[in-house]
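To start, the structure itself, in structure tokens.
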Amino acid sequence: MKRIFLVAATFILFTAGAFAQGGFRLGVKAGTNLTKITGQSFNNGFDLSYHVGAFAEIDFNKKWGIQPEVLWSQTTTKRTNFDNLYPTIVNSATSKDEKIKLDYMAIPILLRYNVGKMLTLNAGPQFGILINQDKNFVQNGQAAFKDGDFSLVGGAQLNFNFLRIYGRYNIGLKNLNDVGNQDKWTNQQIQMGIGLRF
């Protein structure tokens, strides 16, 4: 995942430099996440968390551009059937209703299509690097989740001068389960938030 992060960072810097002559804007953003981890082990509903970070808008022309971002993004969920699937490793001291928290550094690299001045559509890949996970989830602090994630992102953004209002859906393509092969875990996320362009 470190290699992916370096490649993504290099790509962002190179592209920003190459198109600095055209439309190039920086900003900050923050918002809420509605997250769930699919699989028999976890609650099927969405749980509330948050994200915060920075973005760049790099326009090739009036219609097309890219939008790289770096976000601190949290995923929360509750376990349900984990005890039955993995009875030998679950930490009995934790409650079924206790939230499990995963903190990611998320790096979406999104294609921008400007429908008009006020509406932009976004789509593209997102790389996630797991920064922190709940070590009480399994016995002896054993890691339950893999250290990286890969998702596809799609969404829309409303542009009001310096203000951005956005919503997007992230669907994980990578199995996050680092415990066993009894259950496949993938990340799903609905994001809503606001951004301020400098």
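The figures follow:
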read-out: Using a Förster distance of 25 Å, the FRET efficiency for Asn175-Leu26 (Cβ separation, nearest 0.05); value: 0.10
read-out: Spin-label pair Ile131/Phe60, simplified geometry with 7 Å Cα→Cβ offset, distance in nm; value: 3.2 nm
read-out: Segments 62-69, 101-108 sorted - mean Cβ within 10 Å per residue, highest first; value: 101-108, 62-69
read-out: Ordering of 188-196, 43-51 by packing [mean C-beta count within 10 Å, highest first]; value: 188-196, 43-51
read-out: Calculated from backbone phi, Karplus (6.51, -1.76, 1.60) coupling profile of region 67-80 in Hz, x at Gly/Pro; value: 9, x, 9, 10, 10, 8, 10, 10, 10, 10, 7, 10, 7, 10
read-out: Unsatisfied cross-links (Cα-Cα over 23 Å) in the set Lys29/Lys184; Lys36/Lys99; Lys29/Lys99; Lys36/Lys174; Lys29/Lys174; Lys62/Lys174; value: Lys29/Lys184; Lys29/Lys99; Lys29/Lys174; Lys62/Lys174
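We did not get these values from a lab; they are worked out from the coordinates using the rules stated. Quick caveat, the model's predicted, so the values are computed rather than measured. Positions of Cβ are backbone-derived with ideal geometry, glycine not excepted, and every protein chain shown enters the neighbour counts.
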